[in-house]
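Worksheet for the structure shown next.
Read-outs throughout are calculated quantities, based only on the coordinates presented, and are distinct from any laboratory measurement. Being a predicted model, the structure only gives us computed values, none of them experimental. Because the Cβ atoms are built from the backbone with ideal geometry, glycine has one as well, and the counts that use them run over all protein chains shown.
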Amino acid sequence: MSGTLNKVMLIGHLGDEVKMHYFEGGGCVGRFPLATNETYTNKQTNERISNTEWHNVVVRNKGAEICEKYLSKGDKVYIEGRIKTRKWQDEGGNDRYSTEIQCTDFTFLTTKKESQATGNAAPQAAEQPKPTEPMADDAESDLPF
């Protein structure tokens, strides 16, 4: 294969609310931490070990506005995107690096009912997007897994 690929697919839970940044030209960026978990059994001690990995997710423009409106801390979401490392300088002039997931597509996996049951701030029923077609059966779902 002669080309390269930079593609990330994550399923995780929001670690905080979506933080929005608006620009003069009308664009915006939403940022939020996403937690993914790995659980395994240590074969020597037979103890269950759970590790959490945190990812910094960046969503732009209309996608960011949708995430801000409908996602809350703790909600489960599927994210597709690419890895991007940014270089910046701190107050002391030292070079710093941030690795982010530049989100290109997302699917909300927490239902409104689940979000309300866990106490998350869910949108009002009037704010929910109206589906244009009836929901398909699970067998016909277009989720990638």
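Residue order for Y70, Y97, fewest other beta carbons within 10 angstrom first, comes to Y97, Y70. Note on D95 and K62: with the Förster distance fixed at 35 Å, the Cβ-Cβ geometry gives a FRET efficiency of about 0.60. Positive contributions from Lys and Arg (+1) and negative ones from Asp and Glu (-1), summed over other residues with Cβ under 15 Å from the Cβ of G26, come out at 0. The alpha carbon centroids of region 85-111 and region 6-44 are separated by 9 Å. Using every pair of separate Cα atoms, the Kirkwood estimate puts the hydrodynamic radius of region 1-121 at 16.3 angstrom.
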